[in-house]
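We did not get these values from a lab; they are worked out from the coordinates using the rules stated. Given the structure is predicted, the values throughout are model-derived calculations rather than measurements. FYI the Cβ positions are ideal-geometry reconstructions off the backbone, even for glycines, and counts take in every protein chain you see.
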Amino acid sequence: METSASSIGTTRPWHMWPPACLPCTPRATGSSARRLPDFSPSKVLDFGAGPGSALWAMREVWPLSLERINLVEPSKSMQRAAQSLLQDLKGLPIIHSYDSIQALNRNLDKHDRRHDIVISSYALGEIPSLTDRITIVRQLWDLTRDVLVLVEPGTPHGSKIITQMRSYILWMAKRKCRKNGESSNVASSDEKSIVQSEGLLKNGAFVVAPCPHDGRCPLENTSKYCHFVQRLERTSSQRAYKRSKGEPLRGFEDEKFCFVALRRGKRPQEAWPLDGMEFETLKERLAKRNPEDLIIDFEDQFATEDDAESPFEDALVPYASDVAETNMFHENENEEEEQTHADLGSGWGRIVYTPVRRGRQIQMDICRSTKRDGSEGAFDRMVVTQAKNPTLHLQARRSLWGDLWPF
């Protein structure tokens, strides 16, 4: 059975769909770009391109390196919409449109089919069959030279799709590594070294973002699911279309999304960021201070306590609450850039859901690796107190849903 992109439905209302989904793709690719500072893709494949929303994300994240973009979109109306949106823009890379993956493969030479980054944004959920979904993802992985990014709506169903596809690619890559390992056992020593060196480039896969490990998702088969939130401004057409009876609509909305970014190769073995670091308790830190500094701190303490004991921040909000997610992101939507570069090792956890401040302690739900090689992970609640670790407590106060956390 041949599965093509034509199995994707074409009933998406494109005048409503892109504004809500558009900020989520650059958010997902941006998370990958920050973990891959030296990655500058020149050739991109956008599967289920719609009106070309991923192209805008690529231009925002990698504005200088793009040379060629291939769009796969079965709907002629969507292709025309993309052309109308892009026709007046200057400085665009070379763009080609295809109605299926098979059409793309027919028109490209075999050595020219691999792309530096392949993106599927809000497309896999429109394929009803799990078998067809797996077939499509396997084809996308075969077309990937380096990074594959999958983005779906931030619903339990969307999260399940991302989890399934993540598990399948990791399993498929691991199986291929085992097969290559067995075949290399019968090769000569020179041939074996060549196979191993090529395997480091082509074989294997690991998760770049958001997961800090390559093991089974710890939220699988639980009541929670991994997703993130991006705030966006509503357009006038959205406000007119969604306006409820007699009630003014907010000028923004919070779009929930799930994603995973996978890279070919093996996860780098890096030292964990907190290895060898010793932190003072608040009592030890105060013992080293001058008496004059302690008086100043005492006077400033009241403002800190007022801020820490805010009734809004103390309230424990359920994970699925729109209230928590709405107030999660500030109007400054550029996301605070991590001042310290987070390597691709397994020592960085990911904050999932909104950190909760209760007095002088911060509670964070973190997906983290439990092994140095990143082969297994866990979902843990971490409590950081000012008394035990004022340094990390300050960082926890600044942390947001989706940020990285060092271990």
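Restricting attention to region 361-377, the residues that are in contact (Cβ under 8 Å) with a residue 24 or more places away in the chain, surrounded by fewer than 18 Cβ atoms within 10 Å (Cβ to Cβ) and touching a strand residue (DSSP E or B) at 6+ places or on another chain (Cβ under 6 Å) total 2. Please determine whether any residue of region 122-134 is touching a strand residue (DSSP E or B) at 6+ places or on another chain (Cβ under 7 Å) and of a type in the set (D, E, K, R). Checked region 122-134: no residue is touching a strand residue (DSSP E or B) at 6+ places or on another chain (Cβ under 7 Å) and of a type in the set (D, E, K, R). Right, A396: touching a residue at least 24 places away in the same chain (Cβ under 8 Å) and touching a Leu at 6+ places or on another chain (Cβ under 9 Å) or not? In short, no. Within region 380-398, being outside any helix (DSSP H, G or I) and surrounded by fewer than 19 Cβ atoms within 10 Å (Cβ to Cβ) holds for D380, R381, M382, V383, T385, A387, K388, N389. Residue pairs whose Cβ atoms lie under 8 Å apart, separated by 6 or more positions or on different chains, with the first residue in region 149-163 and outside any helix (DSSP H, G or I) and the second among the basic types (K, R), are L150/R166; P153/K256; G154/K256; T155/K256. Checking each residue in region 386-407 for being polar (S, T, N, Q) and within 20 Å of the chain's Cα centre (by Cα) picks out only S399. For region 71-86, how many residues are within 10 Å of G52 (Cα to Cα) and touching a residue at least 40 places away in the same chain (Cβ under 8 Å)? Number of matching residues: 4.
Residue-wise test of (1) hydrophobic (A, V, I, L, M, F, W, C); (2) out of contact with any helix residue (DSSP H, G or I) (no Cβ under 8 Å at 6 or more places or on another chain).
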position	(1), (2)
V352	yes, yes
I366	yes, yes
V383	yes, yes
K388	no, no
T391	no, yes
S399	no, yes
